[in-house]
Amino acid sequence: MSNENLNQQNSGQYQQDAAGDKKKNNLGVKIFWGFVVLMAVLIIYHVAFKKNPAKILDDVSKDVFVVKTEKVQKRDLKHQLITSGNIKALKEAVLYPRINGKLQKNLLREGDKVKKDQTVSLIDRDEVGATYKPTVVPSTLSGVVGRIYLDPGENVTTSTPVALIVNQSVLRIKVDVPERYVNEIYKGQTALLSVEAYPEQTFEAKLDLISPVVDSSSRSVAVEFRANNSNGLLKSGMFARVDISLKEVKNVLSLSKNSIYEDENGKNYVLVPSEDKTTAIRKDIEVKFKNNNSWQISGLEDGEEVLQFVYGIKDGSKIEIK
């Protein structure tokens, strides 16, 4: 092919490429202006048919607290101290042999009833060249065998425990009472015991012993409750929650403590709804007795409605009762 024909061919190809680029540019311009027109239409529609965004907030009530209410009602209130401790049998004894030797035989098993001085185990004296009658290990109290610690043939000394005897008809539980409650406890005071084995049941106990001293490290007083266990449901070694009733008032006007406020001067008040139920109004009250959940109050009527706690609400706040 001659140079002239080659030049003509290259020139034609160049013109075709230029025409293609022009078409692409025109298409891009059309897409751009189409987008601009679409946005303009949307803006016009929003302005013509929708509200001004700045004015939309004008239709929303500002600083309105959505609240719930509760009514003043009469209750029996208790001030309780909740603590815990391990249950033990009032009468409990660990039996030891009187000589060194080997355990020959256990005459009783765990759970067997036993009387005072009844033989529980037999011990062979460990002495070469001599023969002795077995030495008995007697029970020191009447009750039941709680534990048998050894199997026959095991070596024993006078400090080796052989068996545990318990009398669980009466149980005791020791707990520590913080120093600040010392003036609120007394002998005969009632407590309720609860254990995991009987989650729906409580057992009554009475305060029997109060230590005459305060522990200097824990700042508490050791006390002991006793509980009748004639039904045998409670077992020595159980862990119990102890609810001590410190004080009780009956049939008094009360509110949940979360509905009661205290101002900077230490005065208590509640917030009640206005007649049209749109505004919170402060009403001063007096707190007379407190327990863990509800407080005895005066200054309100039985059945009167008050607002439950909402963070930030105050006298004069706009409210919506839910």
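Things to note:
- Among the residues making up the stretch 263-322, those that are under 26 Å from L77 (Cβ atoms) and hydroxyl-bearing (S, T, Y) are Y269, S294, S298.
- I173 fulfils the conditions (1) assigned to a strand (DSSP E or B); (2) open to solvent by 50 Å² or more (accessible area, probe 1.4 Å) except for a single criterion, (2).
- Test result for V162, free of Cβ contacts under 8 Å to residues at least 60 places away in the same chain, over 23 Å from D208 (Cβ atoms) and touching a Leu at 6+ places or on another chain (Cβ under 8 Å): no
- Single unsatisfied condition, R241 versus (1) modelled with pLDDT of 95 or more; (2) in contact with a Phe, Trp or Tyr (Cβ under 8 Å, 6 or more places away or on another chain): (2)
- Flag not set for L253, criterion: open to solvent by 30 Å² or more (accessible area, probe 1.4 Å), within 30 Å of V145 (Cβ to Cβ) and of a type in the set (A, V, I, L, M, F, W, C).
For (1) of a type in the set (K, R); (2) in a strand (DSSP E or B); (3) open to solvent by 40 Å² or more (accessible area, probe 1.4 Å), each residue gets a yes or a no:
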{"residue": "S218", "(1), (2), (3)": "no, no, yes"}
{"residue": "D243", "(1), (2), (3)": "no, yes, no"}
{"residue": "E248", "(1), (2), (3)": "no, yes, yes"}
{"residue": "E264", "(1), (2), (3)": "no, no, yes"}
{"residue": "I281", "(1), (2), (3)": "no, yes, yes"}
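- Any hit, the stretch 288-295, residues being surrounded by 17 or more Cβ atoms within 10 Å (Cβ to Cβ), in contact with a helix residue (DSSP H, G or I) (Cβ under 8 Å, 6 or more places away or on another chain) and closer than 30 Å to S84 by Cβ: yes
- Tally of residues being modelled with pLDDT under 95 and open to solvent by 90 Å² or more (accessible area, probe 1.4 Å) across the stretch 72-104: 4
- Within the stretch 226-241, the set of residues being out of contact with any Leu (no Cβ under 6 Å at 6 or more places or on another chain) and assigned to a strand (DSSP E or B) comprises R226, N228, F239, R241.
- All positions within the stretch 189-210 that are open to solvent by 40 Å² or more (accessible area, probe 1.4 Å) and in a loop (DSSP other than H, G, I, E, B): E196, A197, Y198, P199, E200, Q201, T202
- Tally of residues being touching a residue at least 12 places away in the same chain (Cβ under 8 Å) and open to solvent by 40 Å² or more (accessible area, probe 1.4 Å) across the stretch 128-154: 11
- Condition met for F225 (open to solvent by less than 40 Å² (accessible area, probe 1.4 Å), at pLDDT 95 or above and among the hydrophobic types (A, V, I, L, M, F, W, C)): yes
- Residue in the stretch 303-321 that is open to solvent by 70 Å² or more (accessible area, probe 1.4 Å), free of Cβ contacts under 8 Å to residues at least 24 places away in the same chain and in a strand (DSSP E or B) present: no
- Hits in the stretch 266-276 - residues which are under 15 Å from I321 (Cβ atoms) and either free of Cβ contacts under 8 Å to residues at least 24 places away in the same chain or open to solvent by 30 Å² or more (accessible area, probe 1.4 Å) (or both): S274, E275, D276
The values are calculated or read from the model by the stated rules, or taken from the named source; none is laboratory data. What you see is a predicted model, and the numbers here were worked out from it, not measured in a lab. As a convention, Cβ positions derive from the backbone with ideal geometry for all residues, glycine included, and neighbour counts pool all protein chains shown. When the accessible area is computed, the model is the full protein with side chains, heavy atoms only, and any ligands, DNA or RNA have been set aside. Shrake-Rupley method; radii C 1.70, N 1.55, O 1.52, S 1.80 Å.
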